[in-house]
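Encoded as structure tokens, the structure appears first; notes follow it.
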2 protein chains.
Amino acid sequence: MQRIDIYDTTLRDGSQREGISLSVSDKLQIAEKLDELGVGYIEGGWPGSNPKDIEFFRRAKKLGLKNARICAFSSTRRPGVDMEDDLNIQALIDSGTDTVTIFGKSWDFHVRDALKTSLDENLAMIKDTIAYLKSLGREVFFDAEHFFDGYKANPDYALNTLEAAAEGGADVVVLCDTNGGLMPWEMPAILTAVKERVKASLGIHVHDDAGMATANSLLAVREGISQIHGTINGYGERCGNANLCTIIPNLQLKMGIQVVTPEQLSGLTKLSRFIAEVANIAPADHQPYVGFNAFAHKGGIHVDAVSKKPETYEHADPDRVGNQRRILVSELAGRSSISLKTTQNDLKLDKDCPETASVLQRIKEMEHYGYQFEGAEGSFELLVLKMMKAYTPLFKLEGFRLIIEKRENGQLYSEATIKVRVGDKQVHTAAEGNGPVNALDNALRKALEGFYPALKKIKLIDFKVRVIDGVDGTGAQVRVLIQSSDDHKSWGTVGVSPNVIEASWIALVDSLEYGLLCRKLPEFAEAKKVLEKLKDEGVTSLS
Amino acid sequence: MQRIDIYDTTLRDGSQREGISLSVSDKLQIAEKLDELGVGYIEGGWPGSNPKDIEFFRRAKKLGLKNARICAFSSTRRPGVDMEDDLNIQALIDSGTDTVTIFGKSWDFHVRDALKTSLDENLAMIKDTIAYLKSLGREVFFDAEHFFDGYKANPDYALNTLEAAAEGGADVVVLCDTNGGLMPWEMPAILTAVKERVKASLGIHVHDDAGMATANSLLAVREGISQIHGTINGYGERCGNANLCTIIPNLQLKMGIQVVTPEQLSGLTKLSRFIAEVANIAPADHQPYVGFNAFAHKGGIHVDAVSKKPETYEHADPDRVGNQRRILVSELAGRSSISLKTTQNDLKLDKDCPETASVLQRIKEMEHYGYQFEGAEGSFELLVLKMMKAYTPLFKLEGFRLIIEKRENGQLYSEATIKVRVGDKQVHTAAEGNGPVNALDNALRKALEGFYPALKKIKLIDFKVRVIDGVDGTGAQVRVLIQSSDDHKSWGTVGVSPNVIEASWIALVDSLEYGLLCRKLPEFAEAKKVLEKLKDEGVTSLS
């Protein structure tokens, strides 16, 4: 079987994505997770460019990785400079990794215009740098920057640069589509030309500027390359690098090439979300295999079929990558999608029992009013529990008042007062906020935290408002979606009203109630039990 | 040259994406923009499944589209049902479009397990339905659902379904990769087999579940298909449909196949963002060609090179798709990169005049704060006029106060009081509303209508709220977009604040001011003149 190594460059090329700025401890955490996933190589950074990277390599030595080799990155020596005098190269050596990756120019235009040196000197730079590092006992990979564009401009010279790397002793020569404009049908002829001239193992490193990074990486595998460079979630400059979260499952499940174990593959979704979390980037919900919606079904026909045979509308089994099937409730849905409405936790209602019909009826009324339960599994589950009389609300609202005042100095001031009853106790609180919903949230938490200290763990992380029917201006119906999270999970809730404040209030209350429901509090033991039963057993009756 | 038709299904398959729920007026607006882009076909919906879609087709007849044909979608007749008794088919005919698309099953497994009919009856359903619609004079396309999976399971039967469609008289037979699991190297052999058996024009409709939708669509073009189905921004169920924002530029710029004019292509980025706004989906900043970061450069080496020769690190010229190069390092882009074509109206400011630099600087500050002028041309034009000292605000706000109260009976009550100065007159009004923004709007109109009776013509028609930075819960920055209209036109305005009420207020004031500005009122004659000049002539100086 063809042997393929996965070379991860999330920590180096991936961190070129706008908005990503990883600390050394972020990078160490990510490296450990990549090692668990089973990648062959982890490119940690460019020690010559960044003192943070030097510290990363120092501390990475103590990680005790089981699968991956840590790899340091640098350019070839500068033109006309001795190896011992090149600070980048010396920093690379000081990083102490067994494996190093050197990038050099393969496009004659770049050699002349960016490096401003001769074509021959560039070849010498490539060969000398690699030979020098090999003489120090390193495993050396050569990234042929702009190889494909270079080949199109001057095939002979581009191939010369690869030969120089091979003569220097490069263990793998990596063909880069640095600008990401390569079309998949250009790959086979170029690879054939490379294989005729260059006797070295080959790798592929492509970018996604034309939406072809996945296709190009895998077509290169079919042409015999043995190393794929990419990043988790496709992070990278501009449109990103080849996405390992798509490439690894395609290799294993579509091409039958094992690069990680099946157990490791089933950790991919979790890894993808973990790295998004550490990088502080909202997860791409629609990305193949690992996206939150990658196996989400909305259309009524699809839902009915997928409930009978998943393969009817799924190209792969979500379990294989640790993802889950989700059934979205929408105006297009019939009874079978209610019965299947699986949240992250698989709440199951049998489609033939009478309670399902009444839940469906209620959902339809609420959708007609403007509700939408897609992405609002918290509100959906609370609704089902309430209809089953299996849930008692946390508190009774006796009233609230919000005052928002814009004063002559331009300052805006939001204050909420709120009166609630918890059991037999009445609580009356007031709080300010940087906006009305924030003020309400603060006042409500102040009222409830004495009873439910776990509320401190629950945070609102996103808040969306949509006018549903755009015909009455500000008099139209408003839908608010709130996304919340605690230390375990995240969930959505929804509220609808002609009044944005009331809609926010409804979604806010659900978000706190659902968050508490999912924690191990004695107050919710009964409701929790019903919920677990619905989820775990696919209960056939709701009574 | 090979002729390719673009078939857009954003309004039907695209709206299967989680979170998208388009009103009829949203759909009409989108259809107009797609027509401007120059697509050949716009699939408007499934009249049999949804009353909203029936209304869309009724109103779409009045749009006066220049390039595109509107197309209605439905399934083949049901098993064992006469054409005249099939409600879906009759609803399709009632929609009155010249072009219809019929989907049917090409995978034997689906015929038996989902349709629960015989393989022969399925062939009859396909042929009969198409022949019937052809007899009514329609142009008919056949979507062969699951064709690729069906071909792999039972090639002969899958080809029979295509033949049945061709025999029925289908104008185009469309090969669907419904589950999105097709690998690009599987395409050529399958297409060869299809072309041997099926004498009809072919189309391709693929999904992106394995990250291959772009590659597969374009590889099919190389195999001779003549129609590509896809959606703007790749919206669609699960991982989405083939992304026309990637496919169209690849066709034009990489393959030399013209499907829209160069001018139309240069409107692609704007269209992509417009549709994201209408769908209330955050734009995918890293998508090829049209993403905000598609031509953003971060690495120091890249920036230096790209400033000298863009082709060093860009696979295509961002101007061709109406996008812009962005430099993320150090000080922002210089005056030379100015292009203020961010509004729907293309206000042109010459890059060498000093006012342009100060407008640019101000826009950048506002964008950094969270503003976005895409779809908010009213606010953009007012901003430019204010910076040119060509516009005097209508009134001065001296303060407002909003009280929102939820009483024990559950009733919600919103009251606004507002104090403004118009010229030397102070006006102090109060009004109720069904929500806080409505109350503010009512109080402000009450204060101003005596001075500007034309305000009665101006209506708010849509109101959208987005949290820009989802890390602080309700404490994050909020962007409000308001769409307004009068008897002549409609326009968007924007406001940003941590407080949803203040953001709404800013957008609300702009909406009324801009609405009045565009009417023939003597108060605004001067500002109006400047605006017209900027718009019509591409003025070279702002002084």
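The table for this structure:
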| quantity | calculated |
| --- | --- |
| Which numbered condition B:L534 misses (of (1) modelled with pLDDT of 85 or more; (2) open to solvent by less than 30 Å² (accessible area, probe 1.4 Å)) | (1) |
| Conditions (1) open to solvent by 10 Å² or more (accessible area, probe 1.4 Å); (2) within 12 Å of chain B (Cβ to nearest Cβ): number failed by A:A220 | (1) |
| Residue tally, condition of a type outside the set (D, E) and not in a helix (DSSP H, G or I), over region A:437-452 | 3 |
| Residue within region A:192-203 that is within 11 Å of chain B (Cβ to nearest Cβ) and open to solvent by less than 10 Å² (accessible area, probe 1.4 Å) present | no |
| Options B:P436, B:P453: the member that is of a type outside the set (A, V, I, L, M) and within 23 Å of B:A527 (Cα to Cα) | B:P453 |
| Any hit, region B:61-70, residues being open to solvent by 60 Å² or more (accessible area, probe 1.4 Å) and touching a strand residue (DSSP E or B) at 6+ places or on another chain (Cβ under 9 Å) | yes |
| Checking B:S226 against (1) more than 24 Å from B:S15 (Cα to Cα); (2) open to solvent by less than 10 Å² (accessible area, probe 1.4 Å), the condition it does not meet | (2) |
| Count of residues meeting criterion [surrounded by fewer than 21 Cβ atoms within 10 Å (Cβ to Cβ) and either within 14 Å of chain B (Cβ to nearest Cβ) or farther than 16 Å from A:I228 by Cα (or both)] in region A:3-34 | 12 |
| Where A:L115 falls short, out of the listed (1) away from every other protein chain (no Cβ under 14 Å); (2) closer than 22 Å to A:E145 by Cβ; (3) modelled with pLDDT under 95 | (1) |
| Residue match in region A:117-127 (condition: in contact with an Asp or Glu (Cβ under 7 Å, 6 or more places away or on another chain) and closer than 23 Å to A:D8 by Cβ) | no |
| Criterion: in the same structural domain as A:D13 (by TED's automatic domain parsing) and out of contact with any Gly (no Cβ under 9 Å at 6 or more places or on another chain) - qualifying residue of A:E121, A:E84 | A:E84 |
| Qualifying residue in region A:321-328 (condition: in contact with a Pro (Cβ under 9 Å, 6 or more places away or on another chain), on the phi > 0 side of the Ramachandran plot, within 14 Å of chain B (Cβ to nearest Cβ) and modelled with pLDDT of 70 or more) | no |
| Output for region A:146-175, where each listed residue is open to solvent by less than 10 Å² (accessible area, probe 1.4 Å), under 33 Å from the mean Cα position of the chain (by Cα) and more than 12 Å from every other protein chain (Cβ to nearest Cβ) | A:F147, A:V173, A:V174, A:L175 |
| Failed item, numbered, when B:V509 is tested on (1) at pLDDT 90 or above; (2) farther than 20 Å from B:I418 by Cα | (2) |
| The listed residue being among the hydrophobic types (A, V, I, L, M, F, W, C) and assigned to a loop (DSSP other than H, G, I, E, B), out of A:A210, A:A215, A:A158 | A:A210 |
| Failed item in (1) assigned to a loop (DSSP other than H, G, I, E, B); (2) under 17 Å from B:G291 (Cβ atoms), with A:N233 passing the rest | (1) |
| Condition met for A:C239 (in contact with a strand residue (DSSP E or B) (Cβ under 8 Å, 6 or more places away or on another chain) and not aliphatic (A, V, I, L, M)) | yes |
| Matching residues, region A:377-412, being assigned to a strand (DSSP E or B) and either within 9 Å of another protein chain (Cβ to nearest Cβ) or touching a Phe, Trp or Tyr at 6+ places or on another chain (Cβ under 8 Å) (or both) | A:L397, A:E398, A:G399, A:F400, A:R401, A:L402, A:I403, A:I404, A:E405, A:K406, A:L412 |
| Which listed residue is buried (at least 24 other Cβ atoms within 10 Å of the Cβ), touching a Pro at 6+ places or on another chain (Cβ under 8 Å) and modelled with pLDDT under 85, from B:V478, B:V467 | B:V478 |
| Candidate set: region A:36-51, residues that are at negative phi and in a strand (DSSP E or B); chosen: the one most open to solvent (accessible area, probe 1.4 Å) | A:Y41 |
| Any hit, region B:415-436, residues being part of a loop (DSSP other than H, G, I, E, B), closer than 23 Å to B:S485 by Cα, away from every other protein chain (no Cβ under 14 Å) and not aromatic (F, W, Y) | no |
| Helices (runs of 4 or more DSSP H) within region A:251-326 that include 2 or more residues open to solvent by less than 10 Å² (accessible area, probe 1.4 Å) | A:268-279, A:300-308 |
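Every residue, every condition in (1) more than 25 Å from A:V111 (Cα to Cα); (2) in a helix (DSSP H, G or I); (3) not assigned by TED's automatic domain parsing to the domain that holds A:V260; (4) not basic (K, R), yes or no:
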{"site": "A:L22", "(1), (2), (3), (4)": "yes, no, no, yes"}
{"site": "A:L28", "(1), (2), (3), (4)": "yes, yes, no, yes"}
{"site": "A:L34", "(1), (2), (3), (4)": "yes, yes, no, yes"}
{"site": "A:D53", "(1), (2), (3), (4)": "yes, yes, no, yes"}
{"site": "A:R59", "(1), (2), (3), (4)": "yes, yes, no, no"}
{"site": "A:L63", "(1), (2), (3), (4)": "yes, no, no, yes"}
{"site": "A:N67", "(1), (2), (3), (4)": "yes, no, no, yes"}
{"site": "A:S74", "(1), (2), (3), (4)": "no, no, no, yes"}
{"site": "A:R78", "(1), (2), (3), (4)": "no, no, no, no"}
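The values are calculated or read from the model by the stated rules, or taken from the named source; none is laboratory data. The model shown is predicted, which means the values in this text are computed figures rather than measured ones. Glycine also receives a Cβ, built like all others from the backbone with ideal geometry; neighbour counts cover every protein chain displayed. Areas reflect the complete protein model, heavy atoms only, side chains present, ligands, DNA and RNA absent. Shrake-Rupley method; radii C 1.70, N 1.55, O 1.52, S 1.80 Å.
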